[in-house]
1. Taking the solvent-accessible surface of protein heavy atoms with a 1.4 Å probe, what is the per residue accessible area of the chain in Å²?
2. Can you figure out the FRET efficiency of Lys156 with Phe252, using R₀ = 25 Å and their beta-carbon distance, to the nearest 0.05?
3. If I measure Cβ to Cβ between cysteines in the chain, which ones have no partner under 4.7 Å?
4. If the reach is capped at under 16 angstrom between alpha carbons, list the aspartates and glutamates near Lys205, excluding any in the same chain fewer than eight residues apart.
5. Once you treat every alpha carbon in region 1-119 as an equal point and sum by Debye, what is log10 I(q)/I(0) at q = 0.09, 0.14, 0.18, 0.19 Å⁻¹?
6. By how many nm would the segment from Ser563 to Ser531 lengthen if fully extended, with 0.36 nm per residue of separation less the alpha-carbon distance?
7. For labels at Leu262 and Lys85 in the simple 7 Å Cα→Cβ model, what's the distance in nm?
8. Can you tell me the 0 to 90 degree angle between the C-alpha axis of helix 319-331 and the longest principal axis of the chain, rounded to 10?
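The values are calculated or read from the model by the stated rules, or taken from the named source; none is laboratory data. Source: prediction; values computed, not measured. In this analysis, Cβ positions are derived from the backbone assuming ideal geometry, glycine residues included, and neighbour counts consider all displayed protein chains. Accessible surface is based on the protein model in full, side chains and every heavy atom, while ligands, DNA and RNA are left aside. Shrake-Rupley method; radii C 1.70, N 1.55, O 1.52, S 1.80 Å.
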Amino acid sequence: MMKNSGWRSWLFDLIFFLMLGLISLTISFNIHKAENIFSWKSEIWADRGGYYIYLPAFFMYKMDIKQAPETIDEKTGWGFTLDYKKNKIETKYTCGVAILVSPFFVTTHFISKVFHIPEDRGFSPLYHRMTDVAAICYLILGLLMLSRFLKYYFKKTICYLILLFVYFGTNLLYYTVDDPMMSHVYSFFLFSGFLLFFKKFLEEKKYIFFLLLSLFMALIVLVRPTNLLIFSLFFLWDLHSWKDLQGRIKVFFKPVYCLSFLLIFFLVFLPQLLYWKYLHGSYLFYSYGSEGFSNWQHPKFPEIWFSTLNGLFLYSPLVLLFIAGIIVMIRKKMNNGILLLGLFMILSYVIASWSTWYYGCSFGQRSYVEYFSIFSVPFGFLLTGAIEKKKKLLNIFLLLLIPVFIYFNLRLMFHFEKCFFGSAWDWDLYTYQLEKAGLYKRFDKTFVFNNDFENVVLTGGNRISKTESKSGLQSIILNRDEEFCCKYIKHLWDFTEGFPRKAVASIWIFNRNPLPTHALLVCSIEKEGVSLLWSAQPLDPSLKTGQWSQVNASFDIPDGLESSTVVVFYVWNRMKTNFLVDDLSVKFEK
């Protein structure tokens with residue numbers, strides 16, 4: 001009976017993970033099949049290209065820039081730079097993702113050679129599809145290892161439910177099938193492996209498990225250095241007494257363990273050290289330049305949790321149940337409850353302290369994704385309690401919430417445009433996004449656009465000032481080199497229930513100079529690049545020297561326009577004077 005039961009369990013595992021992989025692959029291929037490979041929605045673009053470039057640079061170009069396709073850095077969104085003066089290929093991202101993807105890259109290279117498929121020096125469609133396959137393979141391996149870890153705490157059925165709910169109910173799905181070259185699904189795999197081998201080491205005290213957890217830990221840090229935080233679990237997870245903590249510290253600092261750990265870290269980091277030496281002449285280098293934890297004194301907690309610009313709970317509301325599970329663990333005085341709350345708060349502080357707290361074009365707060373592996377534990381305890389039905393009405397409500405949150409995540413994800421093109425608290429654009437996904441019906445037919453210029457996507461390439469702002473952390477600089485700024489374009493076809501009749505705009509200006517700016521706030525109604533109607537409001541009458549001043553303007557939108565017409569707003573610094581701009585607001589009214 002035991003052998004038969006083990007065989008059935010193995011078969012169920014095979015079917016479960018195989019089906020999950022095939023479903024994910026189908027979704028991923030369908031998402032990317034219609035995309036231009038050199039577009040902002042492709043798998044190898046911007047940050048993704050920065051992670052990827054190590055692979056063709058090492059395996060194909062031998063780090064010789066002359067072997068790379070011309071202007072490939074520009075074609076893939078400047079995630080890396082081809083420096084022809086220094087003959088260097090430069091990326092600020094570490095090589096951990098590339099190391100994990102390398103077996104798939106080499107396989108694709110081999111297939112291309114055997115079947116005479118054009119490679120385009122590592123940027124052909126086949127290499128793009130290769131990244132889809134790599135991400136899904138690491139997802140499945142990560143979920144498989146996570147299931148083995150969760151079995152220490154839950155029944156097998158609960159484990160599979162946790163995997164399904166966490167995958168389809170959070171942005172882990174998005175960073176597997178939509179953004180496969182971002183680091184998060186690979187970090188999720190590494191976190192799951194670390195947790196499994198760490199638990200096995202605690203239970204069985206075998207040296208091989210320590211070596212494996214050291215390998216996974218080293219790769220975790222190489223892929224995303226800030227994820228070093230997860231290593232605290234080695235000393236704190238499943239502690240029952242101070243004596244346990246002392247025992248773990250003693251174990252780790254035993255020469256055989258400590259030296260093995262350091263040696264594995266060194267070997268794993270060696271490729272990165274050699275790359276920094278090649279690029280900068282030093283084995284150690286901070287590649288992110290001026291980016292860093294500049295908000296550490298004023299962390300953006302409300303923003304990272306609830307902002308319309310990638311707020312955690314607004315895009316993956318299922319995570320609220322992870323937090324509820326932590327609270328249940330603490331109330332029941334369960335082991336690890338306080339530790340998980342502390343981990344969540346410290347992680348949130350790190351995320352909220354980063355200079356770009358919304359982390360660019362993201363679907364929700366992506367820096368939490370890999371930590372869903374460990375936060376699946378409190379979610380599992382909450383799920384177990386709900387299924388046991390000790391408080392029937394409450395648990396029915398909880399079990400109904402889960403499919404609602406999953407449905408919300410799936411609908412929003414499949415209608416998401418890669419970036420949120422709004423400011424930190426742009427509720428109009430967020431609810432418009434929900435309406436587009438079929439999740440919300442807007443009854444107020446006005447539409448308001450707000451741009452506080454905190455979102456780098458909305459700065460339009462203009463220079464940013466972080467020393468003076470009306471709100472938030474930054475504003476836009478206009479000077480002799482900046483004639484135009486703050487461009488906002490709205491298509492009339494977005495107004496599905498009748499075009500607006502009027503647009504009311506406002507913007508804040510800071511002018512230190514007592515001389516006039518001669519600048520204008522412009523509204524242009526255009527079709528196919530040709531202006532049909534142009535009007536402007538001078539800034540100067542509203543300005544007070546040395547302080548922020550609000551400029552307001554109202555523009556009429558004529559009848560009879562076609563849906564392809566666009567309404568364009570911008571500031572025209574026609575005399576190229578010096579001043580600052582912040583907080584643009586445009587309200588369309590029927």
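1. Here the residues of the chain average 46 Å² of exposed surface.
2. 0.20
3. Lacking a cysteine Cβ partner under 4.7 Å: Cys95, Cys137, Cys159, Cys258, Cys523.
4. Excluding near neighbours in sequence, the set is Asp238, Asp244.
5. Log10 of I(q)/I(0), two decimals: -0.38, -0.73, -1.05, -1.13.
6. Gain on extension, Ser563 to Ser531, equals 10.0 nm.
7. Here the answer is 4.1 nm between the modelled labels.
8. Approximately 50 degrees, to the nearest 10.
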